[in-house]
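Asker: What follows is a single structure, and I will ask about it in a moment.
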Amino acid sequence: MKLHFPNSYAEIDLQTITKNIRELKKRTAAKKILSVVKCNGYGHGAVRVAREAEPEVDWFGVAFVDEAIELRMGGIKKPILVFEVPSARTAAAYQTHGLTATISDLAHFSILMDGTKYHLNFDTGMNRLGFSPSKAPEVRKMAIVNQRLICSGIYSHYSMADDPGSKEVEKQLKAFRDVLKHFDEIPLVHICNTGGAVHYDLEEFDMVRTGLTQLGYAAGRVQPDWLEPVLTWKSKVVQVKKVSKGESVSYDATWTAPIDCFIGTIPVGYGDGILRSLSNKLKVSVNGAMYPVVGNVTMDYIMINLGNKKIPVETEVTLLGGDAWSASKWAEEAGSNVHEILTGLSDRMARSYTNY
Ligand SMILES: *Cc1c(COP(=O)(O)O)cnc(C)c1O
């Protein structure tokens with residue numbers, strides 16, 4: 001939807017993306033960075049994020065072929081790895097747009113067109129996509145037989161790397177090392193996502209794949225102080241009303257005023273990405289002070305308790321980032337993760353870019 005009169009906007013500081021990637025590079029032993037910009041760059045705008053990241057990174061990664069085509073149309077030149085399974089529908093697009101496919105099943109060897117580049121994906125414990133490690137000798141044979149395709153990498157994916165000290169990471173690492181014994185000559189080996197790169201970085205692999213770090217977040221509960229969030233989401237108070245002691249606010253009367261107070265109404269709700277589970281939990285920032293959301297989050301509005309402060313309408317409100325709660329605090333309070341909070345930011349908000 002084209003927005004003529006947006007009710008909220010995300011300010012995205014592009015230089016902070018460069019800064020975050022440089023901070024990661026100082027800390028990772030991997031020589032290469034793959035910037036993951038799937039799902040519209042986690043809501044930040046895939047092409048804008050990728051253009052900013054391109055000078056700093058070696059590869060891009062996306063979930064689906066359409067997302068890769070969007071990057072190419074936006075002028076992105078660096079290699080793009082597509083994580084999804086290739087199919088008869090998408091096979092030609094890899095060649096047309098110069099994309100690197102992921103082979104995660106023997107059938108994929110015959111689907112891709114001559115000359116297509118690919119990475120092998122082995123499933124070492126996530127149980128989502130990828131070959132079982134026991135298939136390694138068979139996969140090796142197929143890779144050798146299929147000289148019409150070009151194998152340029154091999155990877156796996158962690159299921160529990162978001163926080164430090166996971167036993168599962170060790171198990172997956174061991175399984176991946178065993179797989180790699182069959183593929184000595186493959187030039188590019190990678191397993192770390194953001195969690196892996198921040199908490200389990202290892203010198204033996206060539207590249208890390210990270211979506212969140214460039215946007216200023218780690219994946220789990222531990223948020224390192226060397227990352228700076230890129231996005232700040234703001235809106236305005238559109239109405240202020242007096243509510244008397246004993247009156248309730250919003251659907252289902254989940255909050256009742258304990259004393260007379262002013263309630264401010266803000267034109268963003270779960271339709272914009274404020275999870276309903278944050279009803280009566282979220283706090284937002286107005287003029288540097290935090291105010292609680294009271295009553296249920298509705299599709300289009302939230303209400304905040306201003307106490308005895310009757311602020312003027314049009315007063316700016318910071319909902320996420322800046323001096324309000326970070327996406328990781330949102331995630332913690334909502335029982336979610338940073339990925340879900342960021343990708344939940346809808347197209348109802350305008351995205352405005354600064355510092356490019
Ligand atoms: C999404 C994804 C990533 C990036 O995850 P982050 O936690 O954002 O770093 C890396 N690898 C694969 C295969 C993915 O699907």
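Asker: Residue check, residue 265 against (1) under 15 Å from residue 324 (Cβ atoms); (2) out of contact with any helix residue (DSSP H, G or I) (no Cβ under 9 Å at 6 or more places or on another chain); (3) of a type in the set (Val, Ile, Thr), all met but one. Which one?
Answerer: Just one mismatch for residue 265, condition (1).
Asker: Just the residues that are surrounded by 24 or more Cβ atoms within 10 Å (Cβ to Cβ), modelled with pLDDT under 95 and in a helix (DSSP H, G or I), please, taken from region 196-220.
Answerer: Matches in region 196-220: 196, 197, 198.
Asker: Which pairs have Cβ atoms under 9 Å, sit 6 or more apart or on different chains, and link a residue in region 251-268 that is farther than 30 Å from residue 6 by Cβ and part of a strand (DSSP E or B) to one that is of a type in the set (Asp, Glu) and modelled with pLDDT of 95 or more?
Answerer: From region 251-268, the pairs are 256/247.
Asker: Go through (1) within 29 Å of residue 17 (Cβ to Cβ); (2) outside the structural domain of residue 158 (by TED's automatic domain parsing) for residue 307 and report which single condition fails.
Answerer: In the conditions (1) within 29 Å of residue 17 (Cβ to Cβ); (2) outside the structural domain of residue 158 (by TED's automatic domain parsing), residue 307 misses (1) alone.
Asker: How many of the residues in region 140-162 are more than 21 Å from the chain's Cα centre (by Cα) and either within 16 Å of the ligand (Cβ to nearest atom) or polar (S, T, N, Q) (or both)?
Answerer: 5
Asker: Test residue 235 against the stated conditions and say whether it is under 28 Å from the mean Cα position of the chain (by Cα), in a strand (DSSP E or B), closer than 16 Å to residue 319 by Cβ and at pLDDT 95 or above.
Answerer: Answer is yes for this residue.
Asker: So, one more: May I ask you to verify whether residue 33 is within 13 Å of the ligand (Cβ to nearest atom), among the aliphatic types (A, V, I, L, M) and in the same structural domain as residue 97 (by TED's automatic domain parsing)?
Answerer: When the stated conditions are applied, residue 33 passes them.
Asker: Here's something else I'd like to know. Restricting attention to region 83-90, does a residue exist that is under 19 Å from the mean Cα position of the chain (by Cα), assigned by TED's automatic domain parsing to the domain that holds residue 198, surrounded by fewer than 17 Cβ atoms within 10 Å (Cβ to Cβ) and at negative phi?
Answerer: Within region 83-90, none of the residues are under 19 Å from the mean Cα position of the chain (by Cα), assigned by TED's automatic domain parsing to the domain that holds residue 198, surrounded by fewer than 17 Cβ atoms within 10 Å (Cβ to Cβ) and at negative phi.
Asker: Quick one: would you say residue 165 is closer than 18 Å to residue 341 by Cβ, away from the ligand (no atom under 16 Å from the Cβ), among the small types (Gly, Ala, Ser) and surrounded by fewer than 24 Cβ atoms within 10 Å (Cβ to Cβ)?
Answerer: Taking the combined requirement at face value, the residue does not satisfy it.
Asker: Here is a further query. In the same structural domain as residue 197 (by TED's automatic domain parsing), in a helix (DSSP H, G or I) and under 27 Å from residue 72 (Cα atoms) - does that describe any residue in region 110-127?
Answerer: Checked region 110-127: at least one residue is in the same structural domain as residue 197 (by TED's automatic domain parsing), in a helix (DSSP H, G or I) and under 27 Å from residue 72 (Cα atoms).
Asker: How many residues are of a type outside the set (Lys, Arg) and not in a strand (DSSP E or B) if we restrict to region 1-40?
Answerer: Count: 21.
Asker: Follow-up. Which one is nearest to the ligand (Cβ to nearest atom), of the residues in region 111-139 that are among the polar types (S, T, N, Q) and within 17 Å of residue 190 (Cβ to Cβ)?
Answerer: 121
Asker: Now for a different question. Looking at residue 228, is it charged (D, E, K, R), surrounded by 14 or more Cβ atoms within 10 Å (Cβ to Cβ), assigned to a loop (DSSP other than H, G, I, E, B) and away from the ligand (no atom under 16 Å from the Cβ)?
Answerer: Criteria met by residue 228.
The values are calculated or read from the model by the stated rules, or taken from the named source; none is laboratory data. The shown structure was predicted, so the numbers you read here are calculated from the model rather than taken from an experiment. Ideal geometry is used to build each Cβ from the backbone, glycine not excepted, and the neighbour counts take in all protein chains shown.
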